[in-house]
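Note sheet for the following structure.
The values are calculated or read from the model by the stated rules, or taken from the named source; none is laboratory data. Note that the structure is predicted; figures quoted are calculated from it, not measured. Methodologically, a virtual Cβ is constructed for each residue, glycine included, from the backbone with ideal geometry; neighbour enumeration extends over all protein chains shown. Side chains are part of the model used for accessible areas, which takes the heavy atoms of the whole protein and leaves out ligands, DNA and RNA. Shrake-Rupley method; radii C 1.70, N 1.55, O 1.52, S 1.80 Å.
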Amino acid sequence: MSLLQVQNAYKFFGGLAAVTDVSFEIEPGEILALIGPNGAGKTTVFNVVNGFYKPSKGRISFKGVDISGMKPHKICKMGMARTFQVVKPLQRMSVLDNVIASAYLRTDSKEKATAIAMETLKFTGLYEDRDVISKGLPLGKRKRLEIARALATQPELLLLDESFAGLNPTELDESIGIIRRIKERGITIMIIEHHMKVIMSISDRIVVINYGQKIAEGTPEEIRANPAVIEAYLGEEQHA
Amino acid sequence: MNRVAIPLAVFGALLALPLIGLSSYTMHILVLVLMWTTIGMAWNLLGGYCGQVSFGHAAYFGVGAYTAGILYFKLQISAWWGIPLSVAVVSVFAFLLGYIVLKLRGPFFALATLASGEVLRITTENMGEFTNGTLGILIQQRTWIEKTWYYYIILAIAALTFVVIRKLVASKWGYYFVAIREDQDAAESLGIDTTRYKTIALVISAILTGICGAFYTNYMGYIDPHIVFALHDISIITIMIVMVGGVATEWGALIGAGIMVLLAEWIRAIPGLGASHQAFFGILLIAIIIFLPNGIVGDLPKITRLFRRARA
Ligand SMILES: Nc1ncnc2c1ncn2[C@@H]1O[C@H](COP(=O)(O)OP(=O)(O)OP(=O)(O)O)[C@@H](O)[C@H]1O
Ligand SMILES: [Mg+2]
């Protein structure tokens with residue numbers, strides 16, 4: 001059974017159709033990439049999947065349960081965590097406290113929450129920065145803090161929204177390593193990304209959307225060869 | 001170590017204070033300071049830690065005060081029972097009000113709380129027999145003429161509030177409150193039931209404020225809707241106490257309450273000032289926001305630096 005099923009999902013903002021009739025599934029253990037040009041509706045798909053927005057139409061099921069319209073905290077408790085493209089650190093809290101706040105989802109004990117948080121910080125390479133007030137972190141590390149916080153909720157499905165944007169090449173390599181190791185832990189990943197090299201190297205399958213509609217789906221090789229994708233997405237990339 | 005030693009030392013000093021034989025007036029000031037400290041700490045839990053800035057804490061103060069008052073006035077039961085009973089009554093009020101106002105965010109929340117305090121005042125004024133309307137409620141026999149016992153009762157309430165809030169802030173709930181303050185959307189996405197935890201913070205904050213209201217009825221012996229549901233003299237003063245002392249700090253409420261109560265007495269002693277003392281408070285608040293945005297406790301490093309520079 002698929003871990004996540006998105007069936008004919010729509011999301012309207014007033015007259016604007018940000019997501020139109022999008023369907024796809026995610027199998028346990030895989031990395032699914034969601035790509036498309038700026039404003040295509042990728043983040044909106046995340047928002048609809050994690051409960052941030054209720055889909056205007058359509059159905060989202062997670063682990064066989066209909067979660068359309070369910071609140072984000074409930075969906076998170078069921079085992080789905082996300083990061084934000086525009087990072088939302090708990091500014092005046094230390095890096096460690098940020099992660100402890102998430103780790104409390106699975107425990108009521110401070111010791112256990114701290115242990116989970118410490119482990120997660122080591123795993124994501126933020127351990128040295130644990131006492132830094134998160135407002136003072138550079139962007140690359142804030143992006144990583146988003147991942148750490150999401151991981152500390154011990155998810156089965158992790159949604160990563162442009163966790164690589166704005167990173168320098170070293171940070172990029174580090175983050176790719178982190179994603180690979182998350183996958184090795186058996187966590188399923190859905191990732192939005194603009195870096196084509198990253199996408200092609202880590203994803204098992206790719207879903208492409210343009211103007212809110214799904215225009216292609218397949219393995220990295222299939223997507224690379226798909227004329228509609230080259231037209232919509234890669235073509236735009238060459239302009240940029 | 002200091003985390004235990006300092007509160008114990010302060011508590012010990014406050015316990016011993018009446019033994020040195022203070023005047024009735026000084027004791028009155030001390031009772032007021034401790035009462036406002038408690039209300040400030042209560043407000044701080046919701047406004048400072050959980051980030052939900054309430055302009056309507058008079059609602060809970062007034063409901064607590066009237067719980068005690070009505071017990072005495074309608075049922076001829078000692079108004080002291082109002083303290084335990086106010087916990088139940090204020091919880092119900094806070095829960096219902098919270099259900100409405102906590103759906104709103106930021107300035108909309110602040111305005112809705114402001115309105116809720118005013119609505120309760122007007123309602124109380126117009127409930128006739130039950131609340132005695134604008135005439136208020138007078139407690140005929142005061143329990144003690146002397147202030148000492150009142151002082152110890154409010155000291156116990158303040159100390160208990162301090163301990164409760166410290167425990168809460170260090171717990172899972174405390175983390176959740178601060179997470180909600182820092183970013184409600186992130187908190188919600190990280191599995192925090194933001195509606196539930198905001199309600200918890202509001203109800204606890206309201207209960208502690210309501211207890212002070214019930215104490216006030218017993219202590220002052222007279223309440224009316226204009227006094228206990230006052231927008232300026234209760235709701236706004238509460239915010240000022242915490243802002244002056246330091247938002248989301250442990251000792252801010254005590255420092256702020258001390259300063260505000262003394263200042264109010266001092267300003268009142270100036271002849272011919274009348275109601276314009278409110279303007280003084282307004283100017284003070286503006287000055288604090290500009291020069292000490294984190295309050296006296298929050299900006300302590302800045303203040304000590306200034307003094308050191310002045311001495312050099
Ligand atoms: N809350 C909102 N209210 C109104 N319009 C919105 C809202 N969120 C997104 N949109 C619009 O929906 C469309 C899709 O936006 P979305 O953020 O999902 O795109 P995206 O694919 O994530 O783009 P990017 O690559 O720039 O992050 C855009 O036209 C955007 O302006
Ligand atoms: Mg986006």
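Brief remarks on what is shown
- Computed from backbone phi, the HN-Hα couplings of region A:186-201 come to x, 8, 7, 10, 10, 10, 9, 7, 9, 5, 4, 4, 4, 4, 5, 7 Hz, rounded to whole numbers (Karplus: 6.51 cos²θ - 1.76 cosθ + 1.60, θ = phi - 60°; Gly and Pro given as x).
- For the protein assembly as shown: Kirkwood Rh in Å [reciprocal of mean 1/r, alpha carbons]: 26.3
- Convex hull per residue volume in Å³, alpha carbons only, for region B:1-62: 99
- Listed residues B:14, B:48, B:92: farthest to the positive end of the dipole of region B:2-231 (Cβ charges): B:14
- Think of each Lys and Arg Cβ as +1 and each Asp and Glu Cβ as -1; about the Cα centre, that makes the dipole of region A:80-154 roughly 280 debye.
- Share, in percent, of DSSP beta bridges within the protein assembly as shown that are antiparallel, nearest 5: 60
- With both labels modelled 7 Å from their Cα along Cα-to-Cβ, the residue B:273 to residue A:133 distance reads 3.5 nm.
- Gain in span if fully extended, residue B:103 to residue B:6, counting 0.36 nm per residue against the direct Cα distance: 31.0 nm
- At R0 = 35 Å, FRET efficiency that the Cβ-Cβ distance of residue B:196 and residue B:280 yields, to 0.05: 0.30
- Whole-number accessible area per residue in Å² for the protein assembly as shown, which is evaluated in the context of all protein chains at 1.4 Å: 44
- Protein accessible area in chain B, 1.4 Å probe - carbon and sulfur %: 72
- Protection proxy ranking for B:137-149, B:88-100, B:206-218, A:104-116, using the average of other Cβ atoms within 10 Å per residue and placing the highest first: B:206-218, B:88-100, A:104-116, B:137-149.
- Rough spin-label spacing in nm, given labels placed 7 Å along Cα→Cβ, for residue B:135 and residue B:96: 2.5
- Each peptide in B:33-46, A:2-15 was scored by the mean count of other Cβ atoms within 10 Å over its residues; highest first, the order is B:33-46, A:2-15.
- Rounded D (µm²/s) - region A:132-172, Kirkwood Rh over Cα pairs, Stokes-Einstein at 10 °C, 1.306 mPa s: 143
- Rh by Kirkwood over Cα pairs, then Stokes-Einstein D for region B:2-231 at 0.890 mPa s and 25 °C, µm²/s: 134
- Student exercise, the protein assembly as shown dipole from Lys, Arg, Asp, Glu Cβ charges, in Debye to nearest 20: 1020
- When accessible surface is computed with a 1.4 Å probe, chains B and A are found to bury approximately 1900 Å² between them, both chains counted.
- Calculated FRET value between residue A:122 and residue A:10, using beta carbons and R₀ = 35 Å, to 0.05: 0.25
- Atom-type composition of the exposed protein surface of region A:80-154 places 50 percent of the accessible area on carbon and sulfur (1.4 angstrom probe).
- In this structure, residue B:13 and residue A:86 have a Cβ-Cβ separation that, at R0 = 60 Å, corresponds to a calculated FRET efficiency of about 0.75.
- The per residue volume of the convex hull around the alpha-carbon atoms of chain A is 126 Å³.
- Exercise: per-residue mean of other protein chain Cβ atoms within 10 Å, B:192-202: 2
- Choice from A:227, A:37, A:155 with maximal GNM fluctuation in chain A (Cα, 10 Å cutoff): A:227
- Hull shadow area, averaged, region A:116-216 [alpha-carbon convex hull, nm²]: 7.2
- Summing Cβ point charges (Lys, Arg +1; Asp, Glu -1) relative to the Cα centre of region A:73-231 gives a dipole of roughly 520 debye.
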